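Beneath this line is the structure, given in structure tokens, with notes to follow.
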Amino acid sequence: MRETLTYIHFRVSWRLLGPDAPAPRFERKRFEEFMRRLNADSRIGDYDDFSYRPERCELAKVRGSHPTGGQAFSKVVYAGGELTVVEEWADIAADQFKDKFAGILRTWFDCFPETVAVIEQCCLRALVQPTSTDDARDFVGNRVLKLGDRLQQTFSAMPHKVGFTVSCTRSFAGGEQLLIDTKVSSWRDQRLVWLEVAGNAPMRSPINAANLAAAEQPVTMCRTFLENEVIRLLTHFDASEAREGGE
């Protein structure tokens, strides 16, 4: 595989619990203070768009259209009792995202100390380019899945997208498990392979400002799974096919 792994999407969500109800409601002025505190630290906040309804509040920063399509933005969304942090096409590395969402969650607990959070889901998406072929459909369909001529014989021509999914579990410290769904497919830029790793956490002990390290574990596990296990699998087929082609 090419050396560069390009992350294109980060998302992490927590279920928020309050003292009296599973989905707390907050006044506008408290979310305005939340945004003000986030923007006081340039590492975690530069939001300039604020949208509020009693059941939903959204902080956003739109950065324009990405050269390869789609819009680049950062968002923090509170809706339906969930807090979600999203980075789409933002110029941020995986370590920076982890530090950013930890800072956002810390600020949340400063502004809403009556709440606790339970990790719900995290999702990482990335692009990577094989070296053995310039067509990601050929790489995924013929080289990884070994479909060969059957692929085009079945569909009359090479499909627009070729991919596969894998689901598995990985253990937390303490014996709890993270459910991981992985998608691997060709992307609209046919040279690139699109990767998505989504981690779904079962109900675990709620966290607050005192145990933020627990909030980082699922994202770290998904990143490790993507960068080590998924990339290692694809590199195996990329390297073996490249060797066979050179013989």
Going through Asp46, Asp41, Asp95, Asp99 one at a time, which residue ends up being surrounded by fewer than 16 Cβ atoms within 10 Å (Cβ to Cβ), without any contact (Cβ under 8 Å) to a residue 40 or more places away in the chain, under 20 Å from Leu212 (Cβ atoms) and of a type outside the set (Val, Ile, Thr)? Asp95
Residue under evaluation Glu227, criteria (1) at pLDDT 90 or above; (2) more than 21 Å from Val12 (Cβ to Cβ), criterion not met: (2)
Go through region 192-204 and report how many residues are in contact (Cβ under 8 Å) with a residue 40 or more places away in the chain and more than 27 Å from Val128 (Cβ to Cβ). 2
Is it the case, given these coordinates, that Arg11 is modelled with pLDDT of 90 or more, under 30 Å from Asp238 (Cβ atoms) and not in a loop (DSSP other than H, G, I, E, B)? yes
Identify the single condition in (1) at pLDDT 95 or above; (2) in a loop (DSSP other than H, G, I, E, B); (3) under 30 Å from Val140 (Cβ atoms) that Tyr47 does not satisfy, given that it satisfies every other one. (3)
Suppose we keep only residues that are in contact (Cβ under 8 Å) with a residue 60 or more places away in the chain and not in a strand (DSSP E or B) within region 60-89. Which one would you say is nearest to Ser205 (Cα to Cα)? Gly81
Looking for something in contact (Cβ under 8 Å) with a residue 12 or more places away in the chain, of a type in the set (S, T, N, Q) and under 30 Å from Pro19 (Cα atoms) - is there at least one such residue anywhere in region 107-117? yes
Out of Trp187, Trp89, sole residue that is modelled with pLDDT of 90 or more, aromatic (Phe, Trp, Tyr) and in contact with a His (Cβ under 7 Å, 6 or more places away or on another chain): Trp89
Taking region 1-26 and keeping only residues that are without any contact (Cβ under 8 Å) to a residue 40 or more places away in the chain and either of a type in the set (Gly, Ala, Ser) or touching a strand residue (DSSP E or B) at 6+ places or on another chain (Cβ under 9 Å) (or both), one is left with Ala21
Within region 27-55, the residues that are touching a strand residue (DSSP E or B) at 6+ places or on another chain (Cβ under 6 Å) and of a type in the set (Lys, Arg) are Arg28
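The values are calculated or read from the model by the stated rules, or taken from the named source; none is laboratory data. Fair warning: this is a prediction, and the values are worked out from it, not measured in the lab. We place every Cβ from the backbone using ideal geometry, glycine too, and count neighbours over all the protein chains shown.
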